[in-house]
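A.B. asks: My questions will all concern the structure given below.
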Amino acid sequence: MDPIRLYRWALRLLPGPVRDRFADEMQATFEAEWRAAAPGATSVHKVLFVARALTGVAHLAIEARMDRPQTRANPLSGLWGDLRRAARSLAREPTFSLTVVVALGLGVGLTASSYSIVRGTILRGLPFERPQELVHFERGDAESESLPVTPHDLVDWRAANRSFVDLAGYTEAVVNLTAPDRPSERVYGSYIEARAFGLLGVEPAVGRLLSESDERDGAPPVVLLGDRVWQRWFERDPGIVGRSLRINDEPHVVVGVMPPGFAFPLSEEMWLPLRLDLASIARGEGRLDAVGRLRLGLGLDEARADFARVSTGLAEAYPASNAGIRAVLRAYVDEYVDDDFASMVWTLLIAASLVLLLASFNVASLLLARGTTRAGELAVRVSLGAGRWRVARHLASEAVLLAGASAVVGAALAWVGVGWFAGRGARPGTFQLAHGGDVPFWWDVRLDGASLIFVLAVSGVAVAGAGLLPILRGLRANPNQLLRSDTRGASARTGAIARAVVVLQMALAVGVLSVAGLMGRSVLQLSDVGRGLETSGIAVGSVALPDARLGADEGRFADRESRRRFWSDLRRALAEDPEVEVAAIGTAVPFLRVAHAPFALPDDEADPDGPRDVATAFVEPAWFTMLGVTPLEGRLLADSDRGGSEPVAVVNASFRDRWLDGSAVGRVVRLPGPTGALQLARVVGVVPDLWVDGIRDEEPEGVYRPFAQAGAPNRSGIFDRRELRYAQVLVRGIEGASVHAALRRAVDRLAPGVPVYGLSTVDDTLRRVGGEYRLYGMYYLVFGAVSLFMVLVGVYGLVAYSVGQRRREIGIRVALGCRGPEVVAMVVRRALNLVVVGLGLGWVVALWMQSSLSLVLYRVEPGDPWVVPAVLALLFSTGAVAALIPALRAGRVEPSEAMRRD
Amino acid sequence: MILDPLRPNPSDFVPLKAVVMEILLAVADRPRHGYGILQEVREAAAGSIRLDTGPLYRHLRRLLEQGLVVEVDRPVEGEDDDERRRYYALAPLGREVMEFEGRRLSALLDRGRALGFLSS
């Protein structure tokens, strides 16, 4: 193999123009080299020589192909040249460039992810046409704004109103889905009027929607599936329409599937026809939700006025049921996502914006400092005719590159932040919203085109804002003044601006860190939850006996007695299971919110619809002992508290303190009896508060009654047979047992096809509650850390810069006898003066923030006295440390500095 | 030297890579062809800089584009007869850049010596 020929062949890799120009010459050079080097060289050396030569050609070929065609004679002019020059000058100062890009990138990234969160949860809204027209209805009376809608009222509203295109009713359903080859599942579903789909303006993905004919008496049972069920159970089988499913023990025919992303009203997965049989329900009975679409052009206020008229009409026509009742209208989204959540995410965005502001200030002072340092260079250019415009262009090019790089960093950070929220926050139970822990189907938090544009825009604005001052100064610079070595005037002004910037930074940092501190304390308080209870090793499962359709008398568990028998059979089965150590059935899971039921004090008027209600749980005696609860007074529930014996109850400490004036045992209260009417029950014991309101604990009062005495019908649902349908089972198994399996076994044997769902453990539940606080806490931790970093950089930068400016002055002082440590002390003291001013301003900012921002905190008051002093102390010491480093360098300045004419 | 808006600033080219400086030095006193530059650099740098054909032409190409080096006609007293060889010389801009860089390095040296860690 002849290296000469090989080289010639390799030269063909070069692109046309380059080859024409250089190939011959390169060949000649190579030949000369080869002739000089080859004789006397070992084979290895020859091979290496040729390899290097060939690599060189390849490298040149790659470079030539990657270069833009140079159309101008001078490749460094024009916009591209500007950017390249700017890139070069930035690359020459890597510390500065990197600090700017990192600082801005952090600020932009945090702001962008917060914005994505706000946009995805609050701003995006429902994925329907003109979503602002969708209104949720409830009823209200003198005491409550959240009474359910009754079927009669719904029908009357529909007929009488003038402000809505249509109204539709719906209600939640417990849907037990059964198929022969899979374990039964409980699915969130909804009984819904067919007109709702037209109202919302949605089309099915497969098959058809529910229709009014499905709602007629005697129509065959049908179901409309959601995409998730179609996916999970049928692997998106296109032949799904017409198949039969057992829903609540009854075969239903699938008529269609909804497209992905539709889970109206909140996170429902299937829809069944709602039959409003007005003849079988009394006025004032029954419970529905209702949604309506406003007529084009009408607003909520006009609709409310219209419904005031309608409600008055109904109250006059049916005083027994509708006196004092009014319609309560709310924007649909507002009904399901409460203000607490909205204010939390907005606060997140505000805090992130403050961090961005901090970053911009940092960058501004960095650019200022650099601008002054480069003043000489710029002055030369300006004075020799370079033109102010040219100088400004150069600075602007640098700004563009910095903004671009920050945008990239910011986008990457935002991607991480958004991904984290979507992952953690999307888990049901993380956010306790108005209707529980389910994630609304219209939430869609992701980093999409709009968010990225936001990132770009914010980076641009931040850099422009931060860089504006130096650019303006560059434009206005008087070259003569800059060229003179006496630059005291300009640097004094720069110094003042830089100092003001540091003060502002401090103030902002105090604001952000105090919010972060509050959130942090909140998270720490969470560790109190569950203290004192034995939570380990207890499994939890929920069992739901199927809903019967309205009017259906058949089916297992159609009557209350059969349901009662099921539960006692289950109890016995579990007791006999050798793998089960102890089990307890109840209607409460520790740490989750307990449903409310009416109650009255004995002195209240005998009014079964009395305004009071309280968290009421029906539990077996073992429930308390499993968790290690001991009574504060009196006794716990016992096996002797049976169905036929005296009604008893155990209350928690908050209930005792609020309603029973501190002494409970032996007192009587009125609780719902078997017919629903309130009857007397004796309080036999007091237990500590056990988080009956979840961990929010806004209504901590609670009552525990024996499960054996459960069964009072409640005014729940359009179906009046809800009592004794659901319970949760707590099971502690023996060592190594699989209690979930044991529970399934027992239920399957007693009632095949009835699903066991929500399987987890008490420990898991404990971990999951408070997930919301931890999520926010994590964000604020990042905010706080970034703010601290910015302050560090900001103070360090300022002190370093000012020490640099005052070298001569320091040199003079040293020459006049000032010693090192004194210089250090002087520099640090000056810096700390500034820090203190900033902290003072920051204290005001923190007070304002704490009072005006409503935060969701756990057991921490917004005005917590510990947080702000701690934050002030932290920032003070950070400032001191940041000032110390350049101060130490100042301490080593030699007197000869005084002589330098820089 | 007049700085006009369209003319590139010598300061944009510095700091020069060591090997680029060697190439510019090689064509500073008289025009040379590619192989001649290679020989000169290897001799002058005495092993501290390594230059191969490929990299030489990469740098030459860029220097030509930047205007620091120009191609010149073969000197009358041709050293050899290879028709394929082309000759290169330092352009005025290249000279300015070398001067600028030289001054910069010289100032550095002075300060280093003054501080006592660069021997004279």
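A.B. asks: Using Cα pairs closer than 8 Å and at least 6 residues apart in sequence, work out the relative contact order for chain A, in percent.
C.D. replies: Here the relative contact order equals 15 percent.
A.B. asks: On to the next question. Ignoring everything except DSSP H segments at least 4 long, calculate the 222 nm mean residue ellipticity for chain B; use -39,500 (n - 2.57) per segment, divide by total residues, nearest 500.
C.D. replies: -16000 deg cm²/dmol
A.B. asks: Using Cα centres only, tell me the gap between the range A:97-169 and the range A:296-329 in whole Å.
C.D. replies: Measuring centre to centre over Cα atoms gives 22 Å.
A.B. asks: What is the dipole size for the protein assembly as shown, taken about its Cα centre, with +1 at each Lys and Arg Cβ and -1 at each Asp and Glu Cβ, in debye to the nearest 20?
C.D. replies: Charge dipole, the protein assembly as shown, about its Cα centre: 5320 debye, nearest 20.
A.B. asks: Taking amide H positions as placed 1.01 Å from N in the peptide plane, with prolines and chain starts having none, which residues 5 or more places from A:VAL580, or on another chain, fall under 5 Å of its amide H?
C.D. replies: Excluding prolines and chain starts, which carry no amide H, the hits are A:ILE734.
A.B. asks: Right, here's the next one. Restricting attention to the range A:614-710, which GluC sites (Glu not before Pro) occupy a DSSP loop and are surrounded by at most 13 other Cβ atoms within 10 Å?
C.D. replies: A:GLU698
A.B. asks: Sticking with this one: Per DSSP H run of at least 4 residues, take -39500 (n - 2.57); add these up for chain A, divide by its residues and hand me the 222 nm value, nearest 500 deg cm²/dmol.
C.D. replies: Rounded to the nearest 500, the figure is -16500 deg cm²/dmol.
A.B. asks: Could you tell me the relative contact order of chain B? Use alpha-carbon pairs under 8 Å, at least six residues apart, and round to a whole percent.
C.D. replies: Dividing the mean separation by the residue count of chain B yields 30 percent.
A.B. asks: Now for a different question. Give me a single rounded figure for B:48-56: the average over its residues of other chain Cβ atoms within 10 Å of their Cβ.
C.D. replies: That average works out to 5.
A.B. asks: Using +1 on the beta carbon of Lys and Arg, -1 on that of Asp and Glu, and nothing else charged, what's the dipole of the range A:1-122 about the Cα centre, debye to 20?
C.D. replies: Computed charge dipole of the range A:1-122: roughly 200 debye.
A.B. asks: Summarise the partner chain shielding of A:17-30 as one whole number: the mean count of Cβ atoms from other chains within 10 Å of each residue's Cβ.
C.D. replies: 5
A.B. asks: Return the long-range amide H neighbours of A:ARG593 (sequence gap of 5 or more, or a different chain), with a cut-off of under 5 Å between placed amide H atoms.
C.D. replies: For A:ARG593, whose amide H was placed from the backbone, the distant partners under 5 Å are A:GLY694.
A.B. asks: Turning to a different aspect of this structure: Starting with the fewest neighbours, write out A:VAL684, A:VAL165 ranked by other beta-carbon atoms found within 10 Å of each beta-carbon.
C.D. replies: If I rank by nearby Cβ atoms, fewest first, I get A:VAL165, A:VAL684.
A.B. asks: Using modelled amide H (1.01 Å from N, peptide plane; none on Pro or chain starts), what sits under 5 Å from the amide H of A:ARG246, excluding residues fewer than 5 places away?
C.D. replies: A:THR178, A:HIS252
A.B. asks: Got a sec? How would A:MET849, A:MET826 order by Cβ neighbour count within 10 Å, fewest to most?
C.D. replies: Final ranking by Cβ density, sparse to dense: A:MET826, A:MET849.
A.B. asks: Can you give the extra length, in nm with one decimal, that the chain gains between A:VAL881 and A:LEU632 once fully stretched, where that is 0.36 nm per residue apart less the Cα-Cα distance?
C.D. replies: Taking 0.36 nm per residue and subtracting the Cα distance, the gain is 84.4 nm.
A.B. asks: Once the dipole of the protein assembly as shown is set up with Lys and Arg at +1 and Asp and Glu at -1 on Cβ about the Cα centre, which of A:VAL175, A:ALA91, B:LEU109 lies farthest towards its positive end?
C.D. replies: It is B:LEU109, whose Cα lies furthest towards the positive end.
A.B. asks: Could you check the simple spin-label distance between B:GLN39 and A:VAL582, using points 7 Å along Cα→Cβ, in nm with one decimal?
C.D. replies: Simple spin-label model gives 10.0 nm for this pair.
A.B. asks: Rounded to the nearest 0.05, what FRET efficiency is calculated for A:ALA450 and A:MET66 with R0 set to 41 Å and r the Cβ-Cβ distance?
C.D. replies: 0.75
A.B. asks: Filter chain A for me: DSSP H helices, axial length by Cα at least 18 angstrom, mean Kyte-Doolittle hydropathy not below 0.5. List them by residue number.
C.D. replies: Qualifying helices, which must be both long enough and hydrophobic enough, are A:43-66, A:94-118, A:339-373, A:388-425, A:449-476, A:488-526, A:771-805, A:820-852, A:867-890.
A.B. asks: Residues of the range A:254-288 with amide nitrogen under 14 Å from the 7 Å Cα-to-Cβ point of A:ALA179?
C.D. replies: Inside the label zone: A:254.
A.B. asks: Then there is this: What dipole magnitude, in Debye to the nearest 20, does the range B:1-73 give about its Cα centre under +1 on Lys/Arg Cβ and -1 on Asp/Glu Cβ?
C.D. replies: Computed charge dipole of the range B:1-73: roughly 220 debye.
A.B. asks: Assuming 0.36 nm per residue, please report the length gained on full extension of the stretch A:MET826 to A:ALA595 beyond their Cα-Cα distance.
C.D. replies: Contour length minus Cα-Cα distance gives 76.6 nm.
Values quoted throughout were computed directly from the atomic coordinates according to the rules given, and no laboratory measurement underlies them. Not measured: the values here are computed from a predicted model. Positions of Cβ are backbone-derived with ideal geometry, glycine not excepted, and every protein chain shown enters the neighbour counts.
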